[in-house]
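So the structure is just underneath, and the comments pick up after that.
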Amino acid sequence: MGNIVEINNLTKIFGDGDKSVKALDDINLSIQEGSFTSIIGGSGCGKSTMLRIIGGLDTEYDGKVLVDGENVASPSREKGFIFQDHRLLPWLTVKENIRFSLPKEEKKNDELIKKHLAIVGLADFEDAYPKQLSGGMAQRVAIARALANKPKILLLDEPFGALDAITKVNLQEQLLKIWQREGITMIIVTHDIDEAVYLGQKVVVMTPRPGRVKKVYDVNIGTMRVRTGEPFTAARDKIYKEFFKETELPFTYNI
Ligand SMILES: Nc1ncnc2c1ncn2[C@@H]1O[C@H](COP(=O)(O)OP(=O)(O)OP(=O)(O)O)[C@@H](O)[C@H]1O
Ligand SMILES: [Mg+2]
């Protein structure tokens, strides 16, 4: 399969003059159709900016960004977005939140809504309001809402950042299953190295000021994703070492 995203010499500067910030500096990256890519890097290195540009939420930049062979001029149904907060409308039920996001010709398609709520395990919650849901459930509705719009590419900006560790692991597994079944290209931005390695076939490491791609790792842990054992820990350790120097404690604990 070909590349669904092609980024050439992408530079993004916010503001002008003394106060300008170079958020992205000469980024070159291509992403294969149907693949799962993780982007990690410290705060402020331009991860969200890059995702917003790929998604057509920001169209002012220098360089070339092609999605599915075309210049991205605006957001579209083909490009699903999931943010750290679920962004559900509080006055609408789960079902109506999803309906609200659908295009005119699909608004009456209850089957489509039900099918996607079932995919994220929330078939029984279609009439609940967002405030009746836990954080993880609300985020699952956000995933169902994005999927119901049948995106070709799903852009996830720290989608599980606000969730507890157990919910997060469950949702990561659900997301992988959806990816394997639906064949949607997924790009996730995360601060969490374990998450990046567990989900991504490739891990793009970015560095800040200015935002650059430092390295792209291939994660060869196979289709059976297992968090314990050699292949995973070896891949993870390599990336940890990229970020952190081993430090020796100046004392030992006697427990
Ligand atoms: N709308 C904006 N106006 C001005 N500067 C901005 C704007 N959005 C982002 N920036 C700047 O661009 C740089 C990259 O920001 P961005 O939000 O992409 O970082 P990030 O890697 O997503 O960080 P985090 O991990 O904290 O979410 C930062 O220096 C930020 O201050
Ligand atoms: Mg961000």
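The values are calculated or read from the model by the stated rules, or taken from the named source; none is laboratory data. None of the values given here were measured: they were computed from a predicted structure. So basically every Cβ, Gly included, is an ideal-geometry build from the backbone, and we count neighbours across all protein chains shown.
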Could you please give the count of residues in the range 85-100 that are surrounded by fewer than 18 Cβ atoms within 10 Å (Cβ to Cβ) and modelled with pLDDT under 95? 2
Selection within the range 207-244 - exposed (fewer than 11 other Cβ atoms within 10 Å of the Cβ) and under 14 Å from ILE40 (Cα atoms): ASP218, LYS241, PHE244
Here the residues within the range 14-29 that are assigned to a strand (DSSP E or B) and farther than 15 Å from GLY41 by Cβ are PHE14, VAL21, ASP26, ASN28
Output for the range 50-80, where each listed residue is within 16 Å of ligand 2 (Cβ to nearest atom) and surrounded by fewer than 21 Cβ atoms within 10 Å (Cβ to Cβ): ARG52, LEU57, ASP58
Yes/no for THR185 being hydroxyl-bearing (Ser, Thr, Tyr) and modelled with pLDDT of 90 or more: yes
Given (1) in contact with a Pro (Cβ under 7 Å, 6 or more places away or on another chain); (2) on the phi > 0 side of the Ramachandran plot, index of the condition LEU88 fails: (2)
I'd like to check which strands (runs of 3 or more DSSP E) are fully inside the range 61-177 and have at least 1 residues that are in contact (Cβ under 8 Å) with a residue 12 or more places away in the chain, within 16 Å of ligand 1 (Cβ to nearest atom) and touching a Phe, Trp or Tyr at 6+ places or on another chain (Cβ under 8 Å). 153-157
Name every residue in the range 105-164 that is farther than 24 Å from GLN180 by Cα, within 20 Å of the chain's Cα centre (by Cα) and acidic (Asp, Glu), in order of residue number. ASP164
Scanning the range 30-60 residue by residue, those among the polar types (S, T, N, Q), assigned to a loop (DSSP other than H, G, I, E, B) and either under 13 Å from the mean Cα position of the chain (by Cα) or within 13 Å of ligand 1 (Cβ to nearest atom) (or both) turn out to be SER35, SER43
Being more than 16 Å from ligand 2 (Cβ to nearest atom) and assigned to a strand (DSSP E or B) is the filter here, so list the residues in the range 198-210 that pass it. LYS202, VAL203
Residue under question is GLY46, and the condition is that it be within 16 Å of ligand 2 (Cβ to nearest atom), closer than 16 Å to VAL204 by Cα and surrounded by 15 or more Cβ atoms within 10 Å (Cβ to Cβ); does it hold? yes
Please work out which residue is farthest from ligand 1 (Cβ to nearest atom), limiting yourself to the range 178-197 and to residues that are of a type outside the set (Asp, Glu) and assigned to a helix (DSSP H, G or I). ARG181
